[in-house]
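Only the coordinates and a few stated rules stand behind these numbers; no lab work does. Here the structure is a predicted model, which means the values were calculated and not measured. Neighbour counts run over all protein chains shown; Cβ positions are idealised from the backbone, glycine included.
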2 protein chains.
Amino acid sequence: MIFKKIAIIGVGLIGGSIGAAVKKRRLAGTVVGIGHRASSIDEAIARGAIDKGTLDAVKGVAGADLVIIATPVCLIPGFGKKVSRSLKKGCIVTDVGSTKSSIVGQLEKSMPAGVDFVGSHPLAGSEKRGVVSAREDLFKGSVVIMTKTKKTDKAALKKLGSFWKSLGAGRIVIKSPEEHDRIVAQISHLPHIAAAALVNSASDESLEFASTGFRDATRIAASDPGIWRDICVTNRKEIVRALDNYARSLAKIKKLVKDGSGAKLRRELERSRARRESLR
Amino acid sequence: MIFKKIAIIGVGLIGGSIGAAVKKRRLAGTVVGIGHRASSIDEAIARGAIDKGTLDAVKGVAGADLVIIATPVCLIPGFGKKVSRSLKKGCIVTDVGSTKSSIVGQLEKSMPAGVDFVGSHPLAGSEKRGVVSAREDLFKGSVVIMTKTKKTDKAALKKLGSFWKSLGAGRIVIKSPEEHDRIVAQISHLPHIAAAALVNSASDESLEFASTGFRDATRIAASDPGIWRDICVTNRKEIVRALDNYARSLAKIKKLVKDGSGAKLRRELERSRARRESLR
């Protein structure tokens, strides 16, 4: 057991998977789930993702040694502020939001003395949603980025890192919130926008001929628009920067196509192939 | 048996798969393969993709009722011209190139009287290459776009359509070469360039964190740069047009992100999700 009581605010795919993994590995005495619908709490209990649940976040976090905020990104700062007055001294608070600068900045300000906040972002998930899709092995082998700022307590950072490892994470990486946001803008947020724009720029007639390549390239465009709206709004600066870089890469290729510069075009495509293959 | 003799110029993935499918379904008396290396001809014979082979295209096509040019795109017009003088009267010639306007225009000019050319593009394939990856079921259920111009002979178009159906094609679509090129620019060439640019615009550090979404979105960037160079060079006009439309779609989303227009952004992402889901 690492924590006596863990409270999870938001028992969806990620929150539910954390609960299920904690319970399976017996990492906590009790797991309390906080939801906004009684039905999802019942579902989470039935699936073994939490021990008990409540709709009242302030009551739910009372006495917890670890509080994990796993709500949609835009709700995280508000929940942090709301529950702050009932947090136990010595409690560690984290979140699992996909953007960090805005969240970490706001939550660090909300935490009372004696409570440590450390931001987390497990790079795991799927286009599915809800506790019905939760899996205790969701984090197995995954990368978890944790944030470090000048306010971060080293002991809390270490303890939370051990917690993620216990949940199955393959690698823990420590970054500043800004570095985190730049990285995910490039490898997650930009690809999402690029896929959405691909789908939107094709004509209805052309879409009828979409085959495997197009489907693979645009699969992420089928993700939840609300989640992505939140991500875009909370990571504006880095997404705009990534989009500007992307526009430059596209313009470079366009020029080579327009000029019919076969040899240079081939070099550019070889560069992308080599980089893509290095990911395997 | 539909054809007494079929000659396939270029016995790679597509040419080899056509040969294997023809032989399996007994659609021809003889299948002759024309290659540029003795070893690939031997391999094609060993795999049952052709009955016999030659390095000499002019000799190989002699007496054939159907000639299929399945070489890389940039070599197709040259082979058509080269073999034209030894084509039998009544022969049908087709190609399987991924771009059509340039190829169809050149091949229609090269054909002697009594020989009919019809362009084909089976929307099947993979990032793999060579006869070692050939499969007799490669075309099963696939779409084949065939081209029709004012020079196209209707009987030849019909006969070739039946041939593709016999090979397993699920749907035959007739388009002008220009319509074809516009469609594939949007659903195949643009996504390829978009993926290459995504890979090239990410930093080395960010690439370390690439997960499933990024890998799916950029899988096509691992395809052969030589093939894609040829495609880009022979479909310049439509690719540039598709890239311009794409840049506009991206700029629209960028503006919404920059302005923090959450509601409009959500609508734009909902539109792309709905269109993407309609593909399933």
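At a glance:
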| quantity | calculated |
| --- | --- |
| Mean Kyte hydropathy of -1.0 or more with a Cα span along the axis of at least 20 Å, helices from DSSP in chain A | A:236-259 |
| Relative contact order %, chain B, counting alpha carbon pairs below 8 Å whose residues are six or more apart | 16 percent |
| Label point distance in nm, A:K255-A:T149, each placed 7 Å from Cα along Cα→Cβ | 4.0 nm |
| Two-site FRET efficiency, B:A113 against B:K59, from Cβ-Cβ distance with R₀ of 30 Å, rounded to 0.05 | 0.90 |
| Mean separation of Cα contacts under 8 Å, 6 or more apart, over the residue count of region A:1-64: relative contact order % | 37 percent |
| Placed amide H near B:L279: partners under 5 Å, 5+ positions off or other chain | none |
| Shielding by other protein chains, A:248-260, mean Cβ within 10 Å | 6 |
| Peptides B:6-12, B:61-67, B:84-90, A:167-173 ordered by average Cβ neighbours within 10 Å, highest first | B:6-12, B:61-67, A:167-173, B:84-90 |
| Centre separation in Å (Cα based) which lies between region B:60-100 and region A:8-40 | 64 Å |
| Between region B:177-246 and region A:208-254, the alpha-carbon center distance in angstrom | 13 Å |
| Shape call, region A:3-175: gyration tensor on alpha carbons, a/c limit 1.5 | rounded |
| FRET efficiency estimate (nearest 0.05) - Cβ-Cβ, A:R135 to B:K264, R0 35 angstrom | 0.50 |
| Dipole magnitude of region B:179-280 about its Cα centre (Cβ charges: Lys, Arg +1; Asp, Glu -1), debye to nearest 20 | 660 debye |
| Efficiency of FRET between A:K158 and A:K4 - r from beta-carbon atoms, R0 22 angstrom, step 0.05 | 0.75 |
| Amide H contacts under 5 Å for A:G53, placed H, 5+ residues apart | A:G33 |
| Spin-label pair A:E208/B:K52, simplified geometry with 7 Å Cα→Cβ offset, distance in nm | 4.4 nm |
| Choice from A:T212, A:T94, A:T152 with maximal GNM fluctuation in chain A (Cα, 10 Å cutoff) | A:T212 |
| Helix-derived mean residue ellipticity, 222 nm - over the protein assembly as shown, DSSP H n ≥ 4, -39500 (n - 2.57), to 500 | -14500 deg cm²/dmol |
| Positive dipole terminus of the protein assembly as shown, leading residue within B:G16, A:A113, B:W164 (C-beta point charges) | A:A113 |
| Size-normalised alpha-carbon gyration radius of region A:187-255, reference 2.2 N^0.38 Å | 1.20 |
| Of B:R248, B:R135, B:R267, the one that fluctuates the most in a GNM where chain B has Cα springs shorter than 10 Å | B:R267 |
| Two-site label geometry, B:D244 and B:E277: point separation in nm, points 7 Å out along Cα→Cβ | 3.4 nm |
| Rounded to the nearest 20 debye, dipole of chain B from Cβ charges on Lys, Arg, Asp, Glu | 1020 debye |
| For chain A, built as a Gaussian network whose Cα springs stay under 10 Å, the top-fluctuating residue of A:G15, A:G35, A:G114 | A:G114 |
| Long-range HN-HN contacts of B:V93 with modeled amide H, under 5 Å | B:V67, B:D116, B:F117, B:V118 |
| Estimated dipole of the protein assembly as shown in Debye, rounded to 20 [Cβ of Lys and Arg +1, of Asp and Glu -1, Cα centre] | 120 debye |
